[in-house]
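S.K.: The structure follows.
Bear in mind that the values in this text are calculations on the coordinates, not laboratory data. All values reported here derive from a predicted model rather than from experimental measurement. Quick reminder, even Gly has a Cβ in these numbers, built from the backbone with ideal geometry, and neighbours come from all protein chains shown.
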Amino acid sequence: MEIMIYFVLPMLGSVFLVGSMFYGAYRIAGRPEVSRFSWGVMAVYILLTVGFSYMGNTWVNLFFSCLFPFAAGLAFRTARTYLAPDFILTAAVFLTDVVVLMVYEMLWAVGIVPFQSRQLAYILLLAASRMTEFMVILLVAAVGKRAGRQTTARQIAWSVLLPLFSLFNMYCMVYLMQIYFTKTMMLLFIANLLFLIGLNVYFCVLMDIMDENRRLENEKELYRQQAAMQVRYYEREEEKYEESRKLIHDIRNHILAMEELYHAWGAGDAARYAGDIHKMLNQFQQKYYTSDRLLNIILNDKVQEMQREGIREDIRVGEVSLEFMRDTDVTALFANLLDNAISAAAQSGGGYIRLRVSTVRQFLSVTLENSCDREPVKTAEGFLSRSEGHQGLGLRIIRQTVELYGGDVQFEWKNGVFFARVMLNCYKI
């Protein structure tokens, strides 16, 4: 009985705690690929930490706690930028352990903890410490996980719901063990504890899978949006090609007519006729905004929409390179920025859109302003669309994309004009 209480249970608790810390670091790092080497590093660190913890030396335990961020970085091969959040995770776990112990001793002293047996009190303390630390790990991981995957209040609530239930379940079992505290009951408690740990791990993995599925669905939609724009682009190019064939067929007649005009009526009429021909030729050209092919397609596609809506456009793109961005992220950023601007400008009197894209040292600068007669609805998370069926999803996608590249985005409405300013670090990824 003593071995199970003072050896087996602490060992299980320590393995669960350190494993949970690695899981927290894994989520903070954005769920990187886990290899055999990763599992090996985690296994060695857990064995060393659990083994040295039985020495009962606080300084040794503190030393291994301080080593955790480096072990996590080695296991997941993450950059040094993740050392700070991993240190925060370690400090949060250490402080939680101290606070739980202090609160528990206080409750024991005033008689709120209803256990006469020191063994049962120790079991409850151990279970409460580990489950509370597990909840703190999930919260720190949810808040500190990689940008581009935003965390909602509902996700945080689900992260702590099952650990709270597990804590309550273990309290009930320990409370009932006062009535019939035997070796069999102790084995049943350990078995129940193992099942609860497995259930918590399964629930976390399930939440990760659901989060990844949502991310893949968003990415799939971006690919679909990008493919649709490219299809429209090539359809327009094909139509222009067919029209240009007809025009080329008649170009000799146009030249002959110009020569006759020049000789019969003078240069003035001939010049006007030549201008009309230039206009006919220009309508078959795809306007050039930038050397980046995908961005040029997006801009031409959105300008077509602006022209249909009667929106005046003023678009200037400097010498920029978007090679540091994935195609889906280029689509997510510029397509959503322009879609929101078109939607607002179309509902405004004298609608217009002004876009500037340039490179400032190592940063990509994007400035967009558009007419917006009605002030958008503003919440704690940002602006909401007034369009029916929209809840500000486009702005959230823009924020996620900007955060992914270590940038900053600002939205502002002032005197009937909506401003969007984006700065991206060209060397972030």
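S.K.: Count charges around THR96 for me, please; just the other residues with Cβ under 11 Å from its Cβ, Lys/Arg as +1, Asp/Glu as -1.
M.R.: -1
S.K.: Using alpha carbon centroids, what distance separates region 1-54 and region 302-338, in Å?
M.R.: Result: 48 Å between the Cα centres.
S.K.: If packing is taken as the average number of other Cβ atoms within 10 Å across a peptide's residues, how do 88-98, 302-312 rank, most packed first?
M.R.: For the peptides 88-98, 302-312, the packing ranking is 88-98, 302-312.
S.K.: While we're looking at this one, here's another question. At 0.36 nm per residue, minus the direct Cα-Cα distance, what do LEU199 and ARG356 gain on full extension? Give it in nm, one decimal, please.
M.R.: Fully extending the segment from LEU199 to ARG356 adds 51.3 nm.
S.K.: For region 293-425, count the residues as N, evaluate 2.2 N^0.38 Å, and divide the Cα radius of gyration by that value, please.
M.R.: So region 293-425 has a normalised radius of gyration of 0.99.
S.K.: In a shell of Cβ-Cβ distance under 12 Å around ARG421, excluding ARG421 itself, what net charge do Lys and Arg (+1) and Asp and Glu (-1) give?
M.R.: Net charge in that neighbourhood comes out at -2.
S.K.: Sticking with this structure for a sec: Could you sort 74-80, 182-188 so that the peptide with the highest average Cβ count within 10 Å comes first and the rest follow in order?
M.R.: 74-80, 182-188
S.K.: Something else about it: Using the beta-carbon distance between LEU107 and PHE165 and R0 = 30 Å, what value does 1/(1 + (r/R0)^6) give for FRET efficiency, to the nearest 0.05?
M.R.: Efficiency at R0 = 30 Å is approximately 0.90.
S.K.: What ranking, highest mean first, results for peptides 127-138, 346-357 when packing means the other Cβ atoms within 10 Å averaged over each residue?
M.R.: The most tightly packed comes first, giving 127-138, 346-357.
S.K.: Taking amide H atoms as placed 1.01 Å from N in the peptide plane, list the residues 5 or more away in sequence, or in a different chain, whose amide H sits under 5 Å from that of VAL417.
M.R.: Close amide H contacts, sequence-distant or interchain: CYS372.
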